[in-house]
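The values are calculated or read from the model by the stated rules, or taken from the named source; none is laboratory data. Everything numeric in this text was worked out from a predicted model, so none of it was measured. When we count neighbours, we look across all protein chains shown, and the Cβ atoms used for this are built from the backbone with ideal geometry, even at glycine. When the accessible area is computed, the model is the full protein with side chains, heavy atoms only, and any ligands, DNA or RNA have been set aside. Shrake-Rupley method; radii C 1.70, N 1.55, O 1.52, S 1.80 Å.
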Amino acid sequence: QVQLVESGGGLVQAGGSLRLSCSASGRSISSYGMGWFRQAPGKEREFVASIKWDEVTTIYANSVKGRFIISRDSAKNTMYLQMNNLSPEDTAVYYCAASEFRYYGSRYTEYDYWGQGTQVTVSS
């Protein structure tokens, strides 16, 4: 089993930045596909970004491309999401996810493990 814990959320003004972390325990995630998703009140869960086990190959949702950067550090068993130029539309609970079978795409049903989420609120 893998346990995922997100951190780094908070309240920030529009145009600001936040860095989310997703720390894994229980097992090494070095071979796992990893992803970030978010869910705003009243909306469905939305794909944000994902990263392959090779720590290089990434996928971004169009809404965050050029503003967010996903990365991972296998030595620390941790994944990150650097979020820049935030807007109120980015307000949501952000979840990290891990795929034991190396999936790293946008389909949330393909991920096996999930964190509890961290709130990101962007004020205008």
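Laid out as a table, the results:
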| quantity | calculated |
| --- | --- |
| Leading residue by the ranking (modelled with the highest pLDDT) among those in the range 74-88 that are open to solvent by 50 Å² or more (accessible area, probe 1.4 Å) and farther than 19 Å from V122 by Cα | K76 |
| Residue pairs meeting the criteria (Cβ under 9 Å; at least 6 apart or on separate chains; first under 12 Å from Q3 (Cα atoms), in the range 109-124; second in a helix (DSSP H, G or I)) | W114/Y108 |
| Failed condition for R38, given (1) farther than 15 Å from D112 by Cα; (2) over 10 Å from the mean Cα position of the chain (by Cα); (3) not acidic (D, E) | (2) |
| Considering residues of the range 23-67 that are under 14 Å from Q82 (Cα atoms) and of a type in the set (S, T, Y) only, the residue least open to solvent (accessible area, probe 1.4 Å) | S50 |
| Top-ranked residue in the range 101-112 [being more than 19 Å from V56 (Cα to Cα) and out of contact with any Ser or Thr (no Cβ under 8 Å at 6 or more places or on another chain); ranked as surrounded by the fewest Cβ atoms within 10 Å (Cβ to Cβ)] | T109 |
| Strands (runs of 3 or more DSSP E) fully within the range 55-124 counting 1 or more residues that are closer than 17 Å to S17 by Cα and among the aromatic types (F, W, Y) | 68-73, 78-83, 92-99 |
